[in-house]
Amino acid sequence: MPDSAPPNILYIHSHDTGRYVQPYGYQVPTPNIQLLADQGVIFRKAFCAAPTCSGSRASLLTGQYCHNNGMLGLAHRGWSLNDYGEHIVHPLRSVGYRSVLIGEQHISEDPAVIGYDEVIEVDSHHAQDVVPISVEALQTASEPFFFSVGFFETHRQFRAPTSVRDSLYSLPPANLPDTPATRRDMAAFKASARSLDQGIGAVLNALHDFGLTERTLIVCTTDHGLAFPGAKATLYDRGTGVMLLMRGPGGFTGGKVYDAMVSHLDIYPTLCEIAGADQPGFLQGSSLLPLVHDEVTRTNEEIFTEVTFHAAYEPTRAVRTERWKYIRRFDDNQHPVLANCDDSASKETLVAAGWADQIVPTEQLYDLTLDPNEMSNLAAEPTHAKVLESLRGRLREWMEETDDPLLDGPVPVPPGAVVNDPSQTSPNDPLHSGSTL
C-alpha cells in the first residue's frame, strides 16, 4: 500500500502515433508531449503487445496478451474481451477510485459494458471535441480518479497539411521511399500530431488550473505504430514501438530517460502498485516501479508481440530481445496482406511498384543493432542458425505457456464478426463473415 493518499490517474492516449513525437527525436513539433518528457519519465523502448487498435488497448487495460483476453481482432468488427471484469477500473474501484471514460476506447461496441463509473458521450473523438468535455469533467472530479481520455488523432484520415514547408521537406519513415507523395503524406501526419499535442496540452493545463498536477499520475501513450506501410499491424519495431511517457507521483519525475524494454502489459501492475490495489493473478506484465526507482536496470529480458486479425487474418507472432527480433508467420499466405494497411498515398506508391507481389517469408530474423530498420532477413543465414533456433524455441515456449490458440491450427472468425479476405487490397473492400470466407 502507498504511504500517502493514492494519486489520481490520467490515462491519455492516441491512435497510431508510434514514437513519432518530439521527445523521441523526430521532427514532429509536439511541445506539450515534450513537456511531459522534460518533467516526467520517458521510455525509449516501449512496445505494445499487439499492433492493432483494439488488441493493443485491450492488452494494456487487462494486462494480458490478446489471445488470453479474447481481443484477437477489432471491436468494431465483432471481437470483445472474454471478461470485462478484468479491466483495470475494477481493481482500482476496490480501493476507492472513481473511473470516467471520455472519447476513444475501442475495446467494445458498447462502452457501458466495460465498467466505468461514468461514460461521457462526445460528438466525435477528435481533440477539439474531447478537450472541452474533459476539462469540464476534471473541474468537478471526485478524487482519487481514473480518467481515460482518448483522442482519434493521429488515425487516418489525417488533417490536411498546414505548412508548405512540411509538404515539401518532411521525411517519410525510413522504410519508405522519399517521394513527393510520401513527403506530403508525412506532412499530413504532422498536422494531425499537432492537433493531438494541442489536445494533450489543454488537458495538462486544466490539471494545473484545478490544482491537480502534483497528485495526478499521467500515462501518455498510443496504441501502436504509424498508419503507414510496414508499420501498423506489423511486428516490426515501427509497428509495435510506442511512445510512453509518465509524469507524477511514484517516482515519475525528473526528466529521466529509460532504455530498457518495457511493454504496455507492464502498466496495469504498475498502476495497481501505486494505487495500493491487489494485482490480479491473471496479469502477464511486471511493475515498472523497480526500474523507475533504479533498483533494477531492466524488467523484461524479452518482449512478445502478436497479430491474429486486423482487417484480415494474418496470424503472426514475434519475440524481441535487446539484440534480436524473430517473427514467425502461421499461415500459407506468402504475400503481404494489403487490407491490413490503411489506404494512403504512401501505400499507393508501394502498390504501384509491385508490393503485392513480394514474398513474405515464414520466418524472419533481424539483428537490431546492425539492422535497426529490420530490412535484412537473416533467417536463412547459416552463421545465425543458433540464434534462430534459440528464438524459435523461446517463441514456441511462450505460446505453450500462454495457451496460444494458434498451436491448434487456424483461428476461426467468431460468430457475428466480419473481416476482409487476405487477398483484398483495402480494408474498405467488402467485408465477409467467417462463414463466407
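The values are calculated or read from the model by the stated rules, or taken from the named source; none is laboratory data. Note that the structure is predicted; figures quoted are calculated from it, not measured. As a convention, Cβ positions derive from the backbone with ideal geometry for all residues, glycine included, and neighbour counts pool all protein chains shown. Surface areas here come from the heavy atoms of the whole protein model, side chains and all, with no ligands, DNA or RNA. Shrake-Rupley method; radii C 1.70, N 1.55, O 1.52, S 1.80 Å.
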Report task. Just the number, please: carbon plus sulfur as a percent of the accessible area of the chain, 1.4 Å probe, no ligands or DNA/RNA counted. Result -> 49 percent
Query raised in the report: With every protein chain left in place, what is the accessible area per residue of the chain in square angstrom, probe 1.4 Å?
Result: 40 Å²
Report task. Return an integer: the convex hull volume of the alpha-carbon atoms of the stretch 264-340, in Å³ per residue. Result -> 131 Å³
Report task. Step through the residues of the stretch 12-24 one at a time and calculate ³J(HN,Hα) from phi using the Karplus curve (6.51 cos²θ - 1.76 cosθ + 1.60, θ = phi - 60°), rounding each to whole Hz and writing x for Gly and Pro. Result -> 10, 8, 10, 9, 6, 8, x, 10, 7, 9, 3, x, 8
Query raised in the report: Any idea of Asp429's accessible area? Nearest 10 Å², probe 1.4 Å.
Result: 50 Å²
Query raised in the report: Roughly speaking, what is the centre-to-centre gap between the stretch 304-336 and the stretch 256-286 when only Cα atoms are used, to the nearest Å?
Result: 24 Å
Query - With DNA, RNA and ligands ignored, accessible area of Asp278 (1.4 Å probe; Å², nearest 10) - result: 130 Å²
Query raised in the report: Of the trypsin sites (Lys or Arg not before Pro) in the stretch 304-373, which ones lie in a loop per DSSP and count no more than 10 other C-beta atoms within 10 Å?
Result: none
Requested in this report: Enumerate the helices in the chain for which the Kyte-Doolittle hydropathy averages -0.5 or more and the C-alpha atoms extend at least 30 Å along the helix's axis, using complete DSSP H runs.
Outcome: 180-209
Query raised in the report: At each listed q (0.07 Å⁻¹), what is the log10 of I(q)/I(0) that the Debye formula gives for the chain modelled as equal alpha-carbon point scatterers?
Result: -0.31
Query raised in the report: Remind me, relative contact order of the chain in percent, using alpha carbon pairs under 8 angstrom and six or more residues apart?
Result: 22 percent
Report task. Against the globular-protein guess of 2.2 N^0.38 Å, express the Cα radius of gyration of the stretch 131-179 as a ratio, rounded to two decimals. Result -> 1.89
